[in-house]
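The values are calculated or read from the model by the stated rules, or taken from the named source; none is laboratory data. Source: prediction; values computed, not measured. Note that each Cβ is placed from the backbone with ideal geometry, even for glycine, and that neighbours are counted across all protein chains shown.
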Amino acid sequence: MSANNLDAWKVELSKIQADVEASREVLARGEIPIAQQWVPPRLGRLPRELRPVAEQLRAEVENINEMIQAAMEKNQAERDRLHATPRQKQSSKPIYLDVQG
């Protein structure tokens, strides 16, 4: 395995790790991250020594995907509840009573 291939894979895995961390930060703010579809790089085979790192990242990506799915389902449920809430007619009556003026 060439050193260039190893270095290129390290860079690629670092990008994936950065995406995972950014997605976690977005989810922590209560937002849903915009997921980009990953396109496998044309770097040849993953070097054997990076396989444990790649497997850990795959598990982290799967976890993020589950968190995104749960957030989307929660969002949909909240939207459904909002649409199910009966709308009240707007009243032309005053809402506040001025007791000082």
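Just wondering, is there one or more residues in region 18-34 that are on the phi > 0 side of the Ramachandran plot and either surrounded by fewer than 10 Cβ atoms within 10 Å (Cβ to Cβ) or out of contact with any His (no Cβ under 9 Å at 6 or more places or on another chain) (or both)?
Yes, region 18-34 has at least one match.
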task = Name, by its number, the condition in (1) at pLDDT below 90; (2) of a type outside the set (Ser, Thr, Tyr); (3) in a helix (DSSP H, G or I) that does not hold for Met67.
result = (1)
task = Would you check if there is a residue in region 40-57 being assigned to a helix (DSSP H, G or I), of a type in the set (Asp, Glu), at pLDDT 95 or above and surrounded by 13 or more Cβ atoms within 10 Å (Cβ to Cβ)?
result = no
request  = Evaluate the following for Pro33: is it part of a loop (DSSP other than H, G, I, E, B) and within 18 Å of the chain's Cα centre (by Cα)?
outcome  = yes
Number of the condition not met by Glu12 [criteria: (1) among the acidic types (Asp, Glu); (2) within 30 Å of Glu78 (Cβ to Cβ); (3) surrounded by 14 or more Cβ atoms within 10 Å (Cβ to Cβ)] = (2)
